[in-house]
Amino acid sequence: MNIPVLTIDGPSGAGKGTVSRAVAKLLEWHYLDSGSIYRSLAIAVLQSDVALDNLSQITAIAGAMQLEFDCGEVLVVRLDGVDITAQLGTETTGNAASIVAAYPAVRAILLQKQKDFRRLPGLVADGRDMGSVVFPDAEYKVYLTASAEERANRRYKQLIEKGIDANLFQITREIEERDRRDQERATAPLTVPEGATTIDSSSLSIQQVIDAVINLVR
Ligand code: DC
């Protein structure tokens, strides 16, 4: 039986996480946050003091790491039995994730871990290459984007609300740098998958985006 999949790809900060989680909950489908797999690997690499250009060590860590996901109200991730949820969202982790994710050998090792999330009654998969590489046969595909300025503004507001000191100029530069790395890498670059519906969230509310995605599936 073909298990339905809805893929939501796009650049960082476009609102994929919030939208995907809400849509998965409404449809009562499973949810894959594929970025958190790359983020978990980045944490494992940083913790082992392995340099981000040491490919053989990084692939060894990718092959050996044990990940457990609790996809409840909030995502809880355990790496080799240790809860790493608090470190998942930091800029250091995100930037290192983008670097390790550019290695084809790393992507090959992590591919099956992602495919394993496809279970009945269905899956909402959020990432950069969900519709193009991991689930090319997905029934529903969305490409969710927003301007770099808007994404930087949202990230800045989030950090300030959390009481974290932030610099809008630096965040914009980091977002542009990460976009460039995710789009220009040779393997599974960030692209609009064939057959995907593009939604630009720059001037839409989260609820408007959720409604647009749900309409696509129903
Ligand atoms: O979506 P995110 O910010 O959590 O992703 C972190 C990094 O992981 C992102 O910069 C690129 C990488 N990534 C990827 O290469 N492929 C995916 N499907 C998801 C994330």
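Taking segment 3-22 on its own, how many of its residues are among the polar types (S, T, N, Q) and either within 9 Å of the ligand (Cβ to nearest atom) or without any contact (Cβ under 8 Å) to a residue 40 or more places away in the chain (or both)? Walk me through it before giving the result.
Going through segment 3-22, the residues among the polar types (S, T, N, Q) turn out to be 7, 12, 18, 20.
Of the ones still in play, those that are also either within 9 Å of the ligand (Cβ to nearest atom) or without any contact (Cβ under 8 Å) to a residue 40 or more places away in the chain (or both) are 12.
Of the residues in that region, 1 qualify.
Show the residue pairs that are 6+ apart or on different chains and have beta-carbon atoms under 6 Å apart, the first residue being within segment 203-218 and touching a residue at least 40 places away in the same chain (Cβ under 8 Å), the second being open to solvent by 20 Å² or more (accessible area, probe 1.4 Å) and aromatic (Phe, Trp, Tyr).
216/140; 217/140
Run down 75, 46, 41, 6 and say which single residue is at pLDDT 95 or above, surrounded by fewer than 22 Cβ atoms within 10 Å (Cβ to Cβ) and of a type in the set (A, V, I, L, M, F, W, C). Quick ask: steps written out before the conclusion?
On the way: 75 fails: at pLDDT 95 or above; 41 fails: surrounded by fewer than 22 Cβ atoms within 10 Å (Cβ to Cβ); 6 fails: surrounded by fewer than 22 Cβ atoms within 10 Å (Cβ to Cβ).
It is 46.
Condition first: more than 10 Å from the ligand (Cβ to nearest atom) and either crowded, with 19+ Cβ neighbours inside 10 Å or not hydrophobic (A, V, I, L, M, F, W, C) (or both). Now tell me which residues in segment 116-125 satisfy that.
Applying the first criterion (more than 10 Å from the ligand (Cβ to nearest atom)) to segment 116-125 yields 116-124.
116, 117, 118, 119, 121, 122, 123, 124 - these are the residues of segment 116-125 that are more than 10 Å from the ligand (Cβ to nearest atom) and either crowded, with 19+ Cβ neighbours inside 10 Å or not hydrophobic (A, V, I, L, M, F, W, C) (or both).
Looking at segment 126-171, which of its residues are open to solvent by less than 40 Å² (accessible area, probe 1.4 Å), among the small types (Gly, Ala, Ser) and within 18 Å of the chain's Cα centre (by Cα)? Steps first, please.
Within segment 126-171, the first condition is being open to solvent by less than 40 Å² (accessible area, probe 1.4 Å), and the residues that meet it are 126-127, 129-131, 134-135, 138, 141-146, 148, 151-152, 159, 166, 171.
Retained after the next criterion (residues that are among the small types (Gly, Ala, Ser)): 127, 131, 138, 146, 148, 152, 166.
Hits for segment 126-171 are 127, 131, 138, 146, 148, 152.
Given the criteria farther than 25 Å from residue 71 by Cα and open to solvent by 30 Å² or more (accessible area, probe 1.4 Å), does residue 186 qualify? Spell out the reasoning first.
Numbers: farther than 25 Å from residue 71 by Cα: yes; open to solvent by 30 Å² or more (accessible area, probe 1.4 Å): yes.
The answer is yes for residue 186.
How do the strands (runs of 3 or more DSSP E) wholly within segment 123-200 filter down when requiring 1 or more residues that are over 25 Å from residue 86 (Cα atoms) and in contact with a helix residue (DSSP H, G or I) (Cβ under 7 Å, 6 or more places away or on another chain): which remain? Give the steps one after another, and end with the answer.
Values: elements: 123-127, 140-145, 197-200.
By residue number, 140-145, 197-200.
Going residue by residue through segment 175-189, is there one that turns out to be without any contact (Cβ under 8 Å) to a residue 40 or more places away in the chain and farther than 13 Å from residue 99 by Cα?
Checked against the condition, which is being without any contact (Cβ under 8 Å) to a residue 40 or more places away in the chain and farther than 13 Å from residue 99 by Cα, segment 175-189 yields at least one hit.
Could you list, in sequence order, the residues of segment 169-190 that are touching a Gly at 6+ places or on another chain (Cβ under 8 Å) and either more than 9 Å from the ligand (Cβ to nearest atom) or of a type in the set (S, T, N, Q) (or both)? So that I can check it myself, show each step before the final result.
In the first step, residues of segment 169-190 are kept if they are touching a Gly at 6+ places or on another chain (Cβ under 8 Å); the result is 175, 178, 190.
Correct list: 175 only.
Which condition number in (1) in contact with a strand residue (DSSP E or B) (Cβ under 7 Å, 6 or more places away or on another chain); (2) open to solvent by 50 Å² or more (accessible area, probe 1.4 Å) is the one that residue 60 fails?
It is condition (1) that residue 60 fails.
Just to verify a result, which residue in segment 63-72, among those that are aliphatic (A, V, I, L, M) and open to solvent by less than 60 Å² (accessible area, probe 1.4 Å), is nearest to the chain's Cα centre (by Cα)?
We begin by selecting, within segment 63-72, every residue aliphatic (A, V, I, L, M); these are 64-65, 67.
Cutting the leftovers down to open to solvent by less than 60 Å² (accessible area, probe 1.4 Å) gives us 65, 67.
Details: 65: 18, 67: 16 Å.
Among those residues, the one meeting the criterion is 67.
The values are calculated or read from the model by the stated rules, or taken from the named source; none is laboratory data. Predicted model only: the values in this text are computed from it and were never measured. Here the Cβ is made from the backbone with ideal geometry for all residues, glycine too, and neighbour counts use every protein chain on show. For accessibility, only protein heavy atoms count, side chains too; no ligands or nucleic acids. Shrake-Rupley method; radii C 1.70, N 1.55, O 1.52, S 1.80 Å.
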